[in-house]
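Chemist: The structure's right below; bear with me while I get my questions together.
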Amino acid sequence: MSIFAPGLFQAASYLGYYLKGLLLQAIFQGMGLVFTMNVLGVSREFELEADQLGMQYAWKSGYDPEGFIRLFDHMSQKEGHASSTSFFATHPAYGDRIQTALKEYKALSATDRPNRAFMTDTSEFQEVKERLRKSLQKTEKEIQEEKNRPSLKTFEPAPE
């Protein structure tokens, strides 16, 4: 084939090489998926159970567990995935998490007085927020050092 149609032979060789690379890539991604989901034991059911337990802990600590529902709603608006999840995803869709959280909230509400007053803020919470805010702030020197650091990422030039 290389004598009679060298261009076709070269194209077929390139295509075979490319497809072999894709196949190897798919195999390694599949192995990673199996490792993530099976070896680590992560599943959507465990995530839903963690949500449920988190709501129960918040309730028993005096905090309003409805915050879970608002959090999932906010995340679904920001990231999407509200109604469906990828087959390979380890976390349930936000819509499923919201429905499960609503059921748990109703169950918790049925066990206690209807007009229960929840804690909405504490000095400890404000302290943690302030420490986090300070830890995320960077000085001008740190920003300049990051800009001058070598990187493999390609950056778009700034408009100015």
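Chemist: Just give me the residues in region 90-103 being at pLDDT 75 or above and out of contact with any Lys or Arg (no Cβ under 6 Å at 6 or more places or on another chain), in sequence order.
Modeler: The answer is His91, Ala93, Tyr94, Gly95, Asp96, Arg97, Ile98, Gln99, Thr100, Ala101, Leu102, Lys103.
Chemist: Of the residues Phe87, Phe35, Phe68, which is of a type outside the set (Ser, Thr, Tyr), surrounded by 10 or more Cβ atoms within 10 Å (Cβ to Cβ) and at pLDDT below 60?
Modeler: It is Phe35.
Chemist: Shifting gears a bit: With the structure loaded, tell me whether Gly54 is more than 14 Å from the chain's Cα centre (by Cα), modelled with pLDDT under 60 and part of a helix (DSSP H, G or I) or whether it fails that test.
Modeler: no
Chemist: Might you let me know whether region 142-155 holds any residue that is modelled with pLDDT of 80 or more and hydroxyl-bearing (Ser, Thr, Tyr)?
Modeler: no
Chemist: Continuing with this model, one more query. Can you find a residue in region 117-134 that is among the acidic types (Asp, Glu), at pLDDT 85 or above and either surrounded by 10 or more Cβ atoms within 10 Å (Cβ to Cβ) or in contact with an Asp or Glu (Cβ under 9 Å, 6 or more places away or on another chain) (or both)?
Modeler: Scanning region 117-134 turns up at least one residue that is among the acidic types (Asp, Glu), at pLDDT 85 or above and either surrounded by 10 or more Cβ atoms within 10 Å (Cβ to Cβ) or in contact with an Asp or Glu (Cβ under 9 Å, 6 or more places away or on another chain) (or both).
The values are calculated or read from the model by the stated rules, or taken from the named source; none is laboratory data. Predicted model, so just to flag it, every value in this text is computed and none were measured. So basically every Cβ, Gly included, is an ideal-geometry build from the backbone, and we count neighbours across all protein chains shown.
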